[in-house]
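Working notes, structure below.
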Amino acid sequence: MASRVAVGGTRSGTTEQLRRANLSRVLELLHQHGPTPRSELTRVVGISRSTMAGIVADLEELGLAAETEPASTTRAGRPSGLVSPADDVVAISVNPEVDAVHIGLVGFGGNVIKHARIETPDTRLPSVVGLAAATIRGMLADDPPRYRVLGIGLAIPGQVRISDGVVRQATHLGWTEEPITDLFAAATGLRAWAANAATLAMRAESQFGAGRGLRDLVYLIGGASGIGGGVILDGRLLTGSGGYAGEFGHTVVRPGGVACHCGGWGCLEAEVDQATLLEAVGLTAAEAGLLADRLTTSEDPAVAALVEEKSALLGIAVRNALNILNPEAVVLSGFLSALHRASARDLTEASVASSRENVEVRDAALGVEQLMIGAAELVFGELLRDPAGFLPAS
């Protein structure tokens, strides 16, 4: 069937641009809020009912949404149909870590359909790509195909040049100047995008989790590969000139302290690490989800002293962020959230009084799925920018 969504020629440029903008806006609303009455979409977007009917029809032809007939009602007038995002459209997420590779299938609205954690000590890039590609094939082995795959989002614990998807440096994995998106595309036949893992986790929490609705946010995450973070200012992601902003793991919290792989000393991720905390309470890396409870319930004075020491160092990084960026909230994730929950320390103390006014320190809400959701947002973000141009009609 030929699509009703014109891509040039038959409509004026202005009309077509407006239509594409409306397609993008409506699909974005469905992505963020799920099934929504057509009347509500019409009100929010601010277009006529007939125009909205055309937009919904175009999204249906593209296989991105479906409208269901409303249930019977005693109210006067014709009730509005319910528009829902397609449930078979997915993005693939991949997050390599030093001890495992995470692979997931994620649908609209941050719905994690499948999530596999494949433990491996081999972080060589060809091995990671091969392992992930084989797992992806297994996830998509339904016959007939069950899912419509838009592409792959790669959450990398390191610096990624966004313009071409090259990993500049992922020290914990031993990667330097690696064209990772090209390698995944060649191995899977799917389009791929890559970005820093911490930035993507923040993006997930900002859209669907603890940072939802905030325009000024600082995010810090701790995992097996170190500590990262990100910043949203006035509703916009702070990227820096090359896309490398948000390296809170390299905030100096103890001058002249432990040597860091970056070449400095006393960086936050060199002084506060997941492995030390796990070892203190007898957990393995695969059991990191239990860390907060173990730290909180431990009666070992050595564990209490460790929590106090590490939370004080985390507090230095948080205070620096508050003084420089003045956010509405600081969201902590991964083992940093576990450390925060186990400590009674006020992480905002000693920062400038006006900077810490009304600031909340929150724990992340999406748990282990946040990186799967964030990586998928790389793909969905491309789709949402221009649904008609991203893929042909079904």
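The figures follow:
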| quantity | calculated |
| --- | --- |
| Lone unmet requirement of (1) within 30 Å of Arg236 (Cα to Cα); (2) of a type in the set (Val, Ile, Thr); (3) not in a strand (DSSP E or B) for Val112 | (3) |
| Residue identified as over 28 Å from the mean Cα position of the chain (by Cα), outside the structural domain of Asp386 (by TED's automatic domain parsing) and free of Cβ contacts under 8 Å to residues at least 24 places away in the same chain among Ala21, Ala53, Ala57 | Ala53 |
| Qualifying residue in the stretch 330-339 (condition: over 23 Å from the mean Cα position of the chain (by Cα) and in the same structural domain as Ala286 (by TED's automatic domain parsing)) | no |
| Answer residue from the stretch 167-196, given it is small (Gly, Ala, Ser) and under 27 Å from Pro327 (Cα atoms) and is surrounded by the fewest Cβ atoms within 10 Å (Cβ to Cβ) among those | Ala195 |
| Top-ranked residue of the stretch 202-227 - restricted to ones that are among the hydroxyl-bearing types (Ser, Thr, Tyr) and touching a residue at least 60 places away in the same chain (Cβ under 8 Å), ranked as surrounded by the most Cβ atoms within 10 Å (Cβ to Cβ) | Tyr219 |
| Residue match in the stretch 219-232 (condition: touching a Lys or Arg at 6+ places or on another chain (Cβ under 9 Å), more than 27 Å from Leu283 (Cα to Cα) and of a type in the set (Gly, Ala, Ser)) | yes |
| Positions within the stretch 171-212 being basic (Lys, Arg) and assigned to a loop (DSSP other than H, G, I, E, B), in sequence order | Arg191, Arg212 |
| Of all residues making up the stretch 147-164, the number that are loosely packed, with under 13 Cβ neighbours inside 10 Å and not hydroxyl-bearing (Ser, Thr, Tyr) | 1 |
| Among the residues listed as Asp182, Asp164, Asp234, the single one being among the charged types (D, E, K, R), out of contact with any Gly (no Cβ under 6 Å at 6 or more places or on another chain) and modelled with pLDDT of 95 or more | Asp182 |
| Residue within the stretch 355-377 that is touching a residue at least 12 places away in the same chain (Cβ under 8 Å), among the basic types (Lys, Arg) and part of a helix (DSSP H, G or I) present | yes |
| Top-ranked residue in the stretch 361-394 [being more than 21 Å from the chain's Cα centre (by Cα) and not hydrophobic (A, V, I, L, M, F, W, C); ranked as nearest to Ile113 (Cα to Cα)] | Ser394 |
| Glu299 vs. criteria farther than 26 Å from Ile232 by Cβ and outside the structural domain of Ala100 (by TED's automatic domain parsing) | yes |
| Exclusive hit being polar (S, T, N, Q), crowded, with 24+ Cβ neighbours inside 10 Å and at pLDDT below 95, set Thr199, Thr123 | Thr199 |
| Unmet criterion (only one of (1) at positive phi; (2) in contact with a helix residue (DSSP H, G or I) (Cβ under 9 Å, 6 or more places away or on another chain); (3) modelled with pLDDT under 95) for Gly282 | (3) |
| Residue ranges of helices (runs of 4 or more DSSP H) in the stretch 255-307 with at least 1 members exposed (fewer than 15 other Cβ atoms within 10 Å of the Cβ) and of a type in the set (Asp, Glu) | 274-280, 291-297 |
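Per-residue answers, yes or no, for (1) out of contact with any helix residue (DSSP H, G or I) (no Cβ under 9 Å at 6 or more places or on another chain); (2) more than 30 Å from Gly213 (Cβ to Cβ):
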{"position": "Ala275", "(1), (2)": "no, yes"}
{"position": "Ala292", "(1), (2)": "no, no"}
{"position": "Ser311", "(1), (2)": "no, no"}
{"position": "Gly315", "(1), (2)": "yes, no"}
{"position": "Leu322", "(1), (2)": "no, no"}
{"position": "Leu325", "(1), (2)": "no, no"}
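Matching residues to (1) of a type in the set (Val, Ile, Thr); (2) within 24 Å of Leu366 (Cα to Cα):
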| residue | (1), (2) |
| --- | --- |
| Pro157 | no, yes |
| Ile162 | yes, no |
| Val166 | yes, no |
| Leu183 | no, no |
| Trp193 | no, yes |
| Gly209 | no, yes |
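The values are calculated or read from the model by the stated rules, or taken from the named source; none is laboratory data. Everything quoted here is computed from the prediction, not taken from an experiment. No Cβ is skipped: glycine too gets one built from the backbone with ideal geometry, and neighbour counts run over all protein chains shown.
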